[in-house]
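The values are calculated or read from the model by the stated rules, or taken from the named source; none is laboratory data. In this text the structure is predicted, and so the values were computed from the model without any measurement. Ideal geometry is used to build each Cβ from the backbone, glycine not excepted, and the neighbour counts take in all protein chains shown.
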Amino acid sequence: MSKYCANLTWLFAELPFLQRFGAAKDAGFDGVEVQFPYDVNAQDIVNQLARYDLKMVSLNCPPPNYTGGEPGWAAVPALQSRFQRDFMRAARYAKTLGAQHLHIMAGVADGPEAEAVYIENLAWAAAQVPKQDLLIEPINGDNMPGYFLRDYDLAAKVIAAVNAPNLQLLFDAYHAKKITGDVCATWERMRPITAHVQVAQTPDRSEPDASDIDYPAFFDRLQADGYQGWISGEYRPRGETAAGCQWLA
């Protein structure tokens, strides 16, 4: 049976942040994720999770002072010390919230040196928190120009090189469509190393319906393949969020 998660950075944005938890539960979600919750008191989030019986599924790293900054620095050679410092802060926050996954963002970089630094930083991070599941995610270049991890083969190569049991792939079907053009074929290659799935429709990153990407077929494929992880709605609602949640049925 599928487990559905609401990305509260994107969904229910018409509500104040702490009210989004109850709205997500009412809409049929059993889990939530937040990209950068670090300016909110962690205990306030813990209280909302308990109140509505929700699981905190995933956070993004790096954390503090992110707004207006770079999209991570795990692959940026000159910023290893900053990566390590911010990673530990994010890991402590994730532990407080009981977050299942921590998504480590690569940053804007390119070339062999960046790849080597990325692998080194990820191996270091995985060793620091062996009980915390870590994720990396290919992101298409239209949405994030210059982002280092923009290729699924590279993601698989990096995960194999790090060879840590707590480092796996975040498979975002929206990015898969933008990067490869074929969601199901990409899923077939990546599913052995995938621990978390996100969904949104192309090209406008809206509700995961049956228009461009055939999401009913993709969800059937996940079930047929025995996928046991969360399916997260990380999309921009066309209108009021609750009105667009029929895809959960």
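What is the number of the single condition among (1) surrounded by fewer than 19 Cβ atoms within 10 Å (Cβ to Cβ); (2) more than 19 Å from Gln35 (Cα to Cα) that Phe218 does not meet?
The single condition Phe218 does not satisfy is (1).
Cβ-Cβ distance below 8 Å, separation of 6 or more or different chains: which pairs start in the stretch 86-105 with a residue that is more than 14 Å from Ala125 (Cβ to Cβ) and end on one that is of a type in the set (Lys, Arg)?
Going by the 8 Å Cβ cut-off, the qualifying pairs are Gly98/Lys55; Gln100/Lys55.
Has the stretch 222-231 got any residue that is among the aromatic types (Phe, Trp, Tyr) and under 14 Å from the mean Cα position of the chain (by Cα)?
yes
Can you list the helices (runs of 4 or more DSSP H) found entirely within the stretch 173-246 that contain at least 1 residues being of a type in the set (S, T, N, Q) and touching a Leu at 6+ places or on another chain (Cβ under 9 Å)?
Answer list for the stretch 173-246: none.
Which pairs turn up if I take residues in the stretch 1-29 that are under 13 Å from Thr241 (Cβ atoms) and surrounded by fewer than 17 Cβ atoms within 10 Å (Cβ to Cβ) and look for partners that are at pLDDT 95 or above and charged (D, E, K, R) with beta carbon separation below 7 Å, at least 6 apart in sequence or on another chain?
Sorted first by the residue in the stretch 1-29, then by its partner, the pairs are Glu14/Glu240.
Only one of these conditions is not met by Asp39: (1) under 29 Å from Ser206 (Cβ atoms); (2) surrounded by 24 or more Cβ atoms within 10 Å (Cβ to Cβ); (3) over 17 Å from the mean Cα position of the chain (by Cα). Which number is it?
(2)
Which residue pairs have Cβ atoms closer than 6 Å, lie 6 or more positions apart in sequence or on different chains, and pair a first residue in the stretch 165-186 that is in contact (Cβ under 8 Å) with a residue 24 or more places away in the chain and of a type in the set (Gly, Ala, Ser) with a second residue that is in a helix (DSSP H, G or I) and buried (at least 21 other Cβ atoms within 10 Å of the Cβ)?
Close Cβ pairs satisfying both conditions: Ala173/Val183; Ala176/Val183.
Are any of the residues in the stretch 38-56 at pLDDT 95 or above and under 17 Å from Leu170 (Cβ atoms)?
yes
For the stretch 1-36, give me each residue that is charged (D, E, K, R) and more than 19 Å from the chain's Cα centre (by Cα).
Across the stretch 1-36, the qualifying residues are Glu14, Lys25, Asp26.
Scan the stretch 174-229 residue by residue and report those that are aliphatic (A, V, I, L, M) and in contact with a Lys or Arg (Cβ under 9 Å, 6 or more places away or on another chain).
Ile179, Val183, Ala200, Ile213, Leu222
For the stretch 154-164, give me each residue that is in a helix (DSSP H, G or I) and either hydrophobic (A, V, I, L, M, F, W, C) or surrounded by 15 or more Cβ atoms within 10 Å (Cβ to Cβ) (or both).
Hits for the stretch 154-164 are Leu154, Ala155, Ala156, Val158, Ile159, Ala160, Ala161, Val162.
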